[in-house]
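Quick notes on the structure that follows.
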Amino acid sequence: MNAMDDVLIAGASSRSTDPIEHKITSLLADMTLEEKIGQMRQVDASGDQINDDLRNAVKAGRVGSVINQVDPDLAYELQGLALEESRLGIPLLIGRDVIHGFETVAPLPLAQAASWNPELVRDCARIAAREASSCGVNWTFAPMIDISRDPRWGRIAESFGEDPFLTSAMGVAMVEGFQGDDLSNEDSIAACAKHFAGYGASESGRDYNTTNIPENELRNIYLPPFKAAADAGAATFMASFSDIDGVPATANAFLLRQVLRDEWAFDGFMVSDWDAVRQLSVHGLTENDKEAAFEAASAGVDMEMTGDAFVEHLAALVNEARIDIETIDQAVANILRVKLRCGLFDLPFASKERRLSAATAESMNAVKALATESVVLLKNDRRTLPLQKTSVNSIAVIGPMANAAVEQLGTWTFDGDERRSVTPLAALHAHADDAFDVRYVAAMESTRSLDTTSFDAAVAAARDADLALLFVGEDAILSGEAHCRADISLPGVQSQLVKAVSETGTPVVAIIMAGRPLTLGDIVDHTDAILFAWHPGSMAGPALCDLLFGVTSPSGKLPVTFPKMVGQIPIYYNHKNTGRPPSPSSVIHIDDIEIGAAQTSLGMTAFHLDAGYLPQFPFGFGLSYSEFEYRDLKLSADAISPEDALRASVVIENKGAVTAQEVVQLYIRDLVGSVTRPVKELKGFKKIMLKPGQSKRVSFELTCKELSFYRRDKSFGAEAGEFQLWIGGSSVAELSARFSLT
Ligand code: GLC
C-alpha cells in the first residue's frame, strides 16, 4: 500500500469513490518531491515580478499559485505555461485581495456589517467575483472575519465588527457570494476565511501585535465565525500573523490541526499570510528559515504565501526524516482538492471575451444599495433630516470628504476604478438641478490638514446658506493593514471646522466617512444631525444624496461599539457582568468628587471616573426617519427542554410618517453558567420594511444550539437554568422576558 492510500484512508474512506480524490491520488503518485513542494508555494507576480525566473519556475512545476497579477494577458500567460508546458499540467491559483469589490467598490466590510443585510453583502461579493474572475483571478483573500473590539486597530475596517453572530452571518454571505452556486463556475472565485485566529485581539490595537486569548474566550468569541465559514464551504483559510498565547498562528498546531482538521474536518487548504513562515524567526519561535519551514509545515500550513522557506528547505527536512512525506502529501492533496473543486483543470481561464466593463448598471446599483443601507443615523435633532428639496434654497457643502473620489473608496481597493467613484458633491449637484444652490468649500486639502486658513470661506458659505453639510472623517490611508491610531478622534483640524461652522447658527449635518468608529464627543454637540457613512465605496455620493433627501430612510445599525474616549477601549456590548457591575447610581464623575474625599467614598464598581461605563453609541444602534414601537413580546413557553425550540415574537409598528426599514434584534443572557456569561448575546436579527402605521409580528426561534457555549470543562453545550431575552432595535433594547432551560 503506498503513502497516498494511507492519506486517503486517514482522510475519509468515503472519498474513495470521489473522482476528485482519485485525481488527487493519481497526481500525487506521479509527482516528484520537488513538484509537490512547488504546489506549496505562492509567488508574488505583481508588476515586474513576471520575469523569466518565474516563467521557468512555473514551467518546472515549482509554483502552485501567484498573487497580485490582474493583467488578464499576463495571468493567462502564466496559466498557459502551467497547463501546457509543465510536466503534469497542474493549473495555478491566481490570488488577489478582493476585499470589498474589484473595479466597482462596495462599502468597507465594516460598513457592510452595518447594513445587517446579508443578501446585499452576497450580491456585492457575487459582482466582485464576476469582475475579478474576468481578469483571471480565481482566489480571493476574503472574508476577513476577525472579531474586532478595538477601533484603534486599522484592520477593524476590513472586519464585520465585534459580534460573533453578525460576523458569522456576514462572513457566510461573502463566502457564498464569491463562490457562487458552484465553485467551478467561470465567474466563481475561491474564498479565504482569514486571519485564523484571534488577530483582532492585537494588544493596544497595534497591528501584528501580541494576542493572549484564553481558550474559552477563543472558542466562544473568536472561532465561531470561522466555523461558520468552514461549514459554508469556504475553500481556503489563512493563518494569522499574530502570536497567540506564545505560539504564532502560522506554527500553531492546536489551531491548524486540532481545531480546523480534527474537530471541524475542514478539507480545503491553509495558506500562510505574507511571508509569515519566515517571520516565525522574527517572532523568536525559530532560529532560521529551515526551522520556520519545519514548524509551519508540521503545524498545518499547506501553502507559503510569497516566502521561500518551503521551497528552500522542505525537501531537506523530508530527506532528513524530520517531516514525513505524508505531511507533504496531505498539504498537496488539500491544495489539489481546491484546484479541482474550482474546476481549474477543465476551465483554467476565464474566457477573454468575459473581460467585464466594471461599472455596469447592475454593479453600480448593487454597491449603491449596500452603501445606502450601511449608513447609520447617529443623531437627528429637531428632524433636521430628511431635507426637503423645495425648502432649501442654498446648501453649503463643506469639508475634505465632500469630493474625495479615492478616499471614499476606503482601504484595500487596489483595483477600484476612481473614475467611476461618484462623490457627494457630484451627486448633490446632480440632485440640485437648479432647485437649490450648492456652495462648495473643501476648507481642508485632506482630513489630516492642520491648515485653518480656508475656514473663513467655509464659515461665510455656511452663514449664507440654509444648511451646512459637513463631510469629514478619515482619509482611506488612516485605516487598513498597519494603519492604526492611538487617538481616534477626527484627524487634523476637522473638529475645529465643525465648531466654526456651527457657530454661524446655520443647521449643521455632519456626514462622517471613516474606516473605524471615531470618538465624536467634541463634535456631537456642535451638530444637528450625524450620518456615519464609513467608507461607502464607488456610489457614496448617490447613496448619501438619497438618504439626505429622504428618498430612503437610514436603516444602518452599528456593528461595533463607539467609545466616548479611547481610554475606554476595549468596550463592547457582549461584556461580562463582573462582580461589581456599574449602574447610573454607582458612577461618580471626576468633576463631582469633593476635594479631600475619603478613599472609600466613590462608587465601588467597574467604571472610569472620567468616562463612566457607557459608550458614545452602543452596538446595534441606529436611528431612522421613522419611529418604531415594540410591544407584546410573547414566548411560546416559560421553560423548554433541550429538545424543544422556543419561539419568541414581538409586534413592531411604524409610528412615523415614512416607510422605513428596521433591524429587529434578539439578544439573550444566560444568567448563570459554569463560566461567566456575557450580559447580552445577539442570537437573531431580521431586517423588515414597514409603511407608516403598518405593524408586523416578527418571530425568532431559539434552540439548544443558540444557548450553547464552551463550558468550563471545555465541552460545548447548553446548561439548564434561567435566561433573559430582549427584542428591540439595538443592544440596549428594553422589552424583555425570562425563560428557563430544564
Ligand atoms: C497581507 C494581509 C492579508 C492579505 C495578504 C495578501 O499582509 O495580512 O490579509 O490577504 O497579505 O495581500
Out of (1) touching a residue at least 40 places away in the same chain (Cβ under 8 Å); (2) open to solvent by less than 40 Å² (accessible area, probe 1.4 Å); (3) within 36 Å of the chain's Cα centre (by Cα), the one L78 does not meet is (1)
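Which of the helices (runs of 4 or more DSSP H) found entirely inside the range 1-84 contain at least 3 residues meeting this: at negative phi and at pLDDT 90 or above? Give the steps one after another, and end with the answer.
On the way: elements: 3-11, 19-30, 33-39, 52-59, 72-80.
By residue number, 19-30, 33-39, 52-59, 72-80.
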Flagged pairs (Cβ under 6 angstrom, 6 or more apart or on separate chains; first in the range 192-210, among the polar types (S, T, N, Q) and at pLDDT 95 or above; second more than 13 Å from the ligand (Cβ to nearest atom) and open to solvent by 10 Å² or more (accessible area, probe 1.4 Å)) are S202/N209; N209/E203; T210/E203; T210/D243
The correct count of residues that are within 12 Å of the ligand (Cβ to nearest atom) and open to solvent by 30 Å² or more (accessible area, probe 1.4 Å) in the range 182-202 is 0
Within the range 438-453, residues surrounded by 15 or more Cβ atoms within 10 Å (Cβ to Cβ) and either over 15 Å from A540 (Cβ atoms) or of a type in the set (D, E, K, R) (or both) come out as V438, R439, Y440, V441, A442, A443, M444, S446, R448, S449, T452
Taking the range 647-676 and keeping only residues that are in a loop (DSSP other than H, G, I, E, B), open to solvent by 20 Å² or more (accessible area, probe 1.4 Å) and not β-branched (V, I, T), one is left with K655, A657, L671, G673, S674
Within the range 236-246, of all residues that are assigned to a loop (DSSP other than H, G, I, E, B) and open to solvent by less than 10 Å² (accessible area, probe 1.4 Å), the one nearest to the ligand (Cβ to nearest atom) is S240
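Give the residues of the range 134-164 that are on the phi > 0 side of the Ramachandran plot and either among the basic types (K, R) or within 15 Å of the ligand (Cβ to nearest atom) (or both), sorted by residue number. So that I can check it myself, show each step before the final result.
Initially, the range 134-164 is screened for residues on the phi > 0 side of the Ramachandran plot, giving 136, 161.
Result: no residue meets the conditions.
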Only one of (1) in a strand (DSSP E or B); (2) away from the ligand (no atom under 13 Å from the Cβ) does not apply to E131, and that is (1)
The residue that is modelled with the lowest pLDDT, considering only those in the range 429-457 that are among the aromatic types (F, W, Y) and touching a strand residue (DSSP E or B) at 6+ places or on another chain (Cβ under 7 Å), is F436
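Would you check if there is a residue in the range 203-219 being among the small types (G, A, S), within 15 Å of the ligand (Cβ to nearest atom), in a helix (DSSP H, G or I) and out of contact with any Cys (no Cβ under 7 Å at 6 or more places or on another chain)?
Going residue by residue through the range 203-219, those that are among the small types (G, A, S) are 204-205.
When the remaining residues are screened for being within 15 Å of the ligand (Cβ to nearest atom), the result is none.
No: the range 203-219 contains no residue that is among the small types (G, A, S), within 15 Å of the ligand (Cβ to nearest atom), in a helix (DSSP H, G or I) and out of contact with any Cys (no Cβ under 7 Å at 6 or more places or on another chain).
Return the residue satisfying two criteria in turn: it lies in the range 398-416 and is closer than 13 Å to T104 by Cα and of a type in the set (A, V, I, L, M), and of such residues it is surrounded by the most Cβ atoms within 10 Å (Cβ to Cβ). Explain how you work it out, then say what you get.
So the first thing to find is which residues in the range 398-416 are closer than 13 Å to T104 by Cα, and the list is 405-406, 408-410, 412-416.
Restricting the remaining residues to those that are of a type in the set (A, V, I, L, M) gives 405-406, 409.
Numbers: A405: 19, V406: 14, L409: 25.
Once the filter is applied, the top-ranked residue is L409.
Table: residues versus (1) of a type in the set (D, E); (2) within 13 Å of the ligand (Cβ to nearest atom).
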| residue | (1), (2) |
| --- | --- |
| E263 | yes, no |
| D267 | yes, no |
| H283 | no, no |
| F294 | no, no |
| M305 | no, yes |
| F310 | no, no |
Is it the case that some residue within the range 518-528 is surrounded by 24 or more Cβ atoms within 10 Å (Cβ to Cβ), in contact with a strand residue (DSSP E or B) (Cβ under 9 Å, 6 or more places away or on another chain) and within 30 Å of H195 (Cα to Cα)?
yes
Checking D644, D591, D632 in turn, the sole residue that is over 32 Å from the mean Cα position of the chain (by Cα), over 27 Å from S695 (Cβ atoms) and not in a loop (DSSP other than H, G, I, E, B) turns out to be D591
Condition set assigned to a loop (DSSP other than H, G, I, E, B) and open to solvent by less than 20 Å² (accessible area, probe 1.4 Å), scope the range 417-437, selection farthest from L547 (Cα to Cα): answer is D417
V271: passes all of (1) open to solvent by less than 10 Å² (accessible area, probe 1.4 Å); (2) touching a helix residue (DSSP H, G or I) at 6+ places or on another chain (Cβ under 6 Å) but (2)
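What number of residues within the range 93-110 satisfy the criterion of being in a loop (DSSP other than H, G, I, E, B) and within 15 Å of the ligand (Cβ to nearest atom)?
Number satisfying all stated conditions: 6.
Of all residues in the range 387-438, which are among the basic types (K, R) and more than 21 Å from G505 (Cα to Cα)? Give the steps one after another, and end with the answer.
Kept after step one, since they are among the basic types (K, R), are these residues of the range 387-438: 389, 419-420.
Those that are among the basic types (K, R) and more than 21 Å from G505 (Cα to Cα): R419, R420.
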Of those in the range 222-234 that are open to solvent by 10 Å² or more (accessible area, probe 1.4 Å) and among the hydrophobic types (A, V, I, L, M, F, W, C), the residue nearest to S148 (Cα to Cα) is A228
All-but-one check, A265 against (1) touching a Cys at 6+ places or on another chain (Cβ under 6 Å); (2) of a type in the set (A, V, I, L, M, F, W, C); (3) open to solvent by 50 Å² or more (accessible area, probe 1.4 Å), failing number (1)
Residue hits (the range 479-489; more than 13 Å from the ligand (Cβ to nearest atom) and surrounded by 22 or more Cβ atoms within 10 Å (Cβ to Cβ)) are S479, C484, I488
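The values are calculated or read from the model by the stated rules, or taken from the named source; none is laboratory data. A quick note: this is a predicted structure, and the numbers were derived from the prediction, not measured. Positions of Cβ are backbone-derived with ideal geometry, glycine not excepted, and every protein chain shown enters the neighbour counts. Note: areas computed on protein heavy atoms with side chains; ligands, DNA, RNA excluded. Shrake-Rupley method; radii C 1.70, N 1.55, O 1.52, S 1.80 Å.
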